[in-house]
Ligand SMILES: [Zn+2]
């Protein structure tokens, strides 16, 4: 029995997939929200009898190995090693292919993590003592320091640089990873200096980025890795690798803002917690929580900025048909400023009470908006209702939307029908114009929306859009014209109306429909790049699938003619289309 067979016999597809998603029974199969694309209702199925998975939303399918390859972005031998490690299968590991650039980056981050750790526990260094004192004063215990692999960056310009050199790391790659910075005058120096370091780990525990809290009163209290080949900040939640298990068991999650919020709550055994880190909450981050929790609590700082961030968070979650609950403590605990402060001052019992008195996100919003307007004046009341209806419209599910319209009517004591009317009158982007019969795949829609949101992305990917690939797409002609009308100098699409003129009626309707929906689109570059990248992979897969189908037909004919030579040649050709997936993957790395 070869290694592959042995692994297959040791772990089931459900074992592997459930490391990443919450599988629910569906007949003799299991289903879940797809880990590869964002969706609102599950179309991802695991079929234990056949040992395979399949998604009807994004068409991904395969066995345990393909699943691990896709989700961890690993080569085949590395996927085998991953499974051997994860499930303690008693066979020898394969030699890593090193095929993916990612492996080299991970190694450098692992070495960097060691540097930070050594720094924190360097008994001869007064700085290390200062760092440990700081953690102690913030109430962080030794076991928590270990659990979160905390470290320290020495307050000098070349500490990391020398350590990486000594360990023969590729300096250019370390710059790409944001560990080192290259100045305009080509001087290379450490990014993190004089800071407590929080490694940010992937779901499976590899270090992808770092955050640092200064110990030297720097203007920037916190500093994080930039987006790198390993890390897109829009995609990660701090602490999620550790909290996933508890979130899954408890079926709810608590979203906080900062490193210390996660760490302090975790230390008090509130382990279903993760932090959004920095600016705006993203769809991917919400989706990560949604995959495992039936309910999400937002637990942010009590100051104005915290409340504003919570409101933005609610809005973002509405778009994904999630109504979070808001944990507030400003009325009851005026002496507390953030979750970290709360749990340390008040303890876990007080926190549990707080959780019980949390406010429904929608009610929280209505309350905030009602406070802002004088509802005794009809015009202001109208403004208030408009304002809340803007949030209600975020829900894409009509049934959910109707429920909230009812709540607004109740609260403001107005006729529900009047609100419904308003809601119906708003321009709908869904079915309108002559193009309503033209249906594109989700990948095409996402691709076009991303390009409309940031046209310069077309400049970066146009080389990858072959005629052959475009020919399988419903929107192929639209994309071709976008490329043709892209201006390299201004990094804009020159003239949208010119494109529109060259389209068929049906295409024009589609074009307009997607173009108009762009006002709701993301503006985060990292996120958009990611969407374009995954759409391209999907296009390639669609193109390959068509080729494979064509060859299947030819094989059938060759079989009827008993032309074995041709059959063999065709089978060879077909495998090329099945395995060429990897080529696309490496190509898209440079996107
Ligand atoms: Zn999917």
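The values are calculated or read from the model by the stated rules, or taken from the named source; none is laboratory data. A quick note: this is a predicted structure, and the numbers were derived from the prediction, not measured. Counting neighbours? That spans all protein chains shown, and the Cβs are built from the backbone with ideal geometry, glycine included.
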Would a scan of region 117-126 turn up a residue that is modelled with pLDDT under 85, away from the ligand (no atom under 16 Å from the Cβ), surrounded by 15 or more Cβ atoms within 10 Å (Cβ to Cβ) and closer than 30 Å to residue 152 by Cα?
-> no
Does at least one position in region 10-26 carry a residue that is in a strand (DSSP E or B), out of contact with any helix residue (DSSP H, G or I) (no Cβ under 7 Å at 6 or more places or on another chain) and within 16 Å of the ligand (Cβ to nearest atom)?
-> yes
Of the candidates 7, 13, the one satisfying the condition of being at pLDDT 90 or above, over 21 Å from residue 249 (Cα atoms) and surrounded by 19 or more Cβ atoms within 10 Å (Cβ to Cβ) is 7
Lone qualifier among 91, 84 - being surrounded by fewer than 16 Cβ atoms within 10 Å (Cβ to Cβ) and more than 16 Å from the ligand (Cβ to nearest atom) | 91
Unmet requirement for residue 175, which otherwise passes all of (1) under 24 Å from residue 524 (Cα atoms); (2) crowded, with 17+ Cβ neighbours inside 10 Å; (3) out of contact with any helix residue (DSSP H, G or I) (no Cβ under 8 Å at 6 or more places or on another chain); (4) modelled with pLDDT of 95 or more | (2)
Counted residues in region 119-167 being without any contact (Cβ under 8 Å) to a residue 12 or more places away in the chain and assigned to a helix (DSSP H, G or I) come to 11
Going through region 294-314 one residue at a time, which ones are touching a residue at least 60 places away in the same chain (Cβ under 8 Å) and buried (at least 19 other Cβ atoms within 10 Å of the Cβ)?
-> 297, 298, 314
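Every residue, every condition in (1) modelled with pLDDT of 80 or more; (2) farther than 18 Å from residue 468 by Cβ; (3) in a helix (DSSP H, G or I), yes or no:
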{"residue": "535", "(1), (2), (3)": "yes, no, yes"}
{"residue": "538", "(1), (2), (3)": "yes, no, yes"}
{"residue": "541", "(1), (2), (3)": "yes, no, yes"}
{"residue": "546", "(1), (2), (3)": "yes, no, yes"}
{"residue": "549", "(1), (2), (3)": "yes, no, yes"}
{"residue": "557", "(1), (2), (3)": "no, yes, yes"}
{"residue": "566", "(1), (2), (3)": "yes, yes, yes"}
{"residue": "578", "(1), (2), (3)": "no, no, yes"}
{"residue": "588", "(1), (2), (3)": "no, no, yes"}
Go through 291, 248 for me and flag whichever is within 23 Å of residue 39 (Cβ to Cβ), touching a residue at least 60 places away in the same chain (Cβ under 8 Å) and surrounded by fewer than 18 Cβ atoms within 10 Å (Cβ to Cβ).
-> 248
Any residue at all in region 215-234 that is crowded, with 18+ Cβ neighbours inside 10 Å and assigned to a helix (DSSP H, G or I)?
-> yes
Is it true that residue 36 is in contact with a strand residue (DSSP E or B) (Cβ under 9 Å, 6 or more places away or on another chain) and surrounded by 16 or more Cβ atoms within 10 Å (Cβ to Cβ)?
-> yes
Considering residues that are assigned to a loop (DSSP other than H, G, I, E, B), out of contact with any helix residue (DSSP H, G or I) (no Cβ under 8 Å at 6 or more places or on another chain), in contact (Cβ under 8 Å) with a residue 12 or more places away in the chain and more than 9 Å from the ligand (Cβ to nearest atom), the number found within region 28-74 is 4
Taking residue 264 and the conditions (1) out of contact with any strand residue (DSSP E or B) (no Cβ under 8 Å at 6 or more places or on another chain); (2) crowded, with 22+ Cβ neighbours inside 10 Å; (3) under 20 Å from residue 403 (Cβ atoms), which numbered condition does it fall short on, given that it satisfies the others?
-> (3)
Out of 489, 523, which single residue is without any contact (Cβ under 8 Å) to a residue 40 or more places away in the chain and assigned to a loop (DSSP other than H, G, I, E, B)?
-> 489
Which numbered condition residue 203 misses (of (1) outside any helix (DSSP H, G or I); (2) more than 21 Å from residue 106 (Cβ to Cβ)) | (2)
Residue 104 fails exactly one of (1) part of a helix (DSSP H, G or I); (2) out of contact with any helix residue (DSSP H, G or I) (no Cβ under 8 Å at 6 or more places or on another chain); (3) away from the ligand (no atom under 16 Å from the Cβ), namely (2)
